[in-house]
Structures are given as C-alpha cells and as structure tokens.
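Heads up, the thing below is written out as structure tokens.
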Amino acid sequence: MEFQPLGTVNVRLPRYEDHYRWNKVTTCVHNLFGGQRWVDQYGDLIITNNKGIRCKLNFAKASYWSSNRYEVVGSVTDPDGKLVHHLFGKWCEGLYCGVAPSARCVWRPGALPEDHEHYYGFSRFAIELNDLELSLVDVLPSTDSRFRPDQRLLEEGNVPGAEASKLQLEQAQRERRITNEQRGIKHQPRWFRCTASDSVADEDGEKWEFAHTYWDARAQSKFRDMNLIRLW
C-alpha cells in the first residue's frame, strides 16, 4: 500500500527570518495482509529556504535484489548553486554530513522506550501524543483527538472494544457527511484557512495556514460556548 502525500510543509522561524519549505516522499507498507510487514520510503525530498539554500535528498526505493534498502543520499547547495555539504545515511538509522569515514552524524532517531513492544513499537514521542493530563480535561475542545474513545481503548490494550468503537465513529461520520450533503452544508475548518500558494509544488494552487485563533480561544475558555461538532 502506497501513501503519496500532496503539497508542501512550511515552517517559519521569525527570530532568524527563515522560511523552510519541503515536500514528503512516498511511504509504502509491504506485506500488509500477510508475511513480515515492513515499511519503505522513496522519492526525492527537496528542502528550500527563503535565503536561497537548497537541500535535495534521494530516498532509494528498496528491491529484493539490491542492498540499498533505506539508503538516503543528498546535498546542500548555497544560493549560487555551489555544493556546501554532502549527506548520506539511512532514514531508519542516521544521517551523516561529509565524506566517509570522517563524516559526522547530524541526525539519529531517538532510542525506543524499554516497553515499546507493549505500545505497538511507538517512539516516546508517539506514545505521549495521546497523553491526557487531568489539568487539560476542562481546557481542551471536545473535538481534541485525545478524547477519541477507540484510540484510548487501543492504547489500553482493549482491541475488541477499540474496533467496535471505531466502527461506530466511522458510521456516524458517514451519516453526518450524507446529512450535510443533502442540506448543502459545506464544512468550514475553524482553526485553519485556505490561501493561494506561491509554490509550484502545491498542485492545486492552495495552501493551508494556521488562523492563530485556537490559542486565544483556549486561553479564554471559549470552547464551551462554541457549537462544536460532536465527533465522539
């Protein structure tokens, strides 16, 4: 099964007046329905900077007869197109800058928690994404995914309960979509806005930006007064 993300990711660092933009490569899950499952990522990932710096990384596509599985090679160039850095490594092990054997490691994935096998092989970051502190229960909007029951049941190891809850949520979503279509209601995102994109990488000519209203609403406890959709 292949996942081909569209559009670009944008990150702005106001303190340094930097704006980074990059695309995502293709992710493929092999042996989804049988055998040993494994994940591959391949394609070109291009990172650009508003100051003219450019990085291109090629994620090699794995094959049964090649030895370059998980390999990444690339380069960083300055505004004049001159090579500044050479990059290589494996996306599941680490990325190095320079030429072997004197290259230095610039990135390495974090170590998995000791109990990661009990949490579906998740990293510490992935595990904590669903963490819900008691102090946040009355602060977050009801649509926050940390309130999603099937997700909580799966984390607690109740797989049958999670599957049943997931089916109920999906059915409710389908019914809600049909009702809205019949009434001519179009969903309007509350916390993001769609604007015209100046990047040729955005094929539909659009990009989504944070509307900068969420944190104000949260600080002023406005969620209870909003007509939020009941998702779960």
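I'm trying to understand the selection: among the residues of segment 119-147, which are farther than 21 Å from LEU169 by Cα and in contact (Cβ under 8 Å) with a residue 40 or more places away in the chain?
Across segment 119-147, the qualifying residue is only VAL139.
Just checking: which of the strands (runs of 3 or more DSSP E) contained wholly in segment 45-104 hold 1 or more residues that are among the polar types (S, T, N, Q)?
54-59, 71-77
Under 6 Å between Cβ atoms, at least 6 apart or on separate chains: pull out the pairs that start in segment 29-44 with a residue that is touching a residue at least 24 places away in the same chain (Cβ under 8 Å) and farther than 19 Å from PHE59 by Cα and end on any residue that is polar (S, T, N, Q) and assigned to a strand (DSSP E or B).
none
Out of the residues in segment 135-175 that are small (Gly, Ala, Ser) and assigned to a helix (DSSP H, G or I), state the one that is surrounded by the fewest Cβ atoms within 10 Å (Cβ to Cβ).
Residue satisfying both the conditions and the ranking: SER135.
Out of everything in segment 95-116 that is modelled with pLDDT of 90 or more and hydrophobic (A, V, I, L, M, F, W, C), what residue ends up being surrounded by the most Cβ atoms within 10 Å (Cβ to Cβ)?
Among residues in segment 95-116 that are modelled with pLDDT of 90 or more and hydrophobic (A, V, I, L, M, F, W, C), the one surrounded by the most Cβ atoms within 10 Å (Cβ to Cβ) is LEU95.
Loosely packed, with under 12 Cβ neighbours inside 10 Å, closer than 30 Å to GLU156 by Cα and outside the structural domain of ASN158 (by TED's automatic domain parsing): is that true of ARG37 in this structure?
yes
Against the definition (at pLDDT 95 or above and surrounded by 14 or more Cβ atoms within 10 Å (Cβ to Cβ)), how does TYR119 come out, yes or no?
no
The values are calculated or read from the model by the stated rules, or taken from the named source; none is laboratory data. Note that this is a predicted model, so its numbers are computed, not measured. Neighbour counts are summed over all protein chains in view; Cβ atoms, including those assigned to glycine, are modelled from backbone coordinates with ideal geometry.
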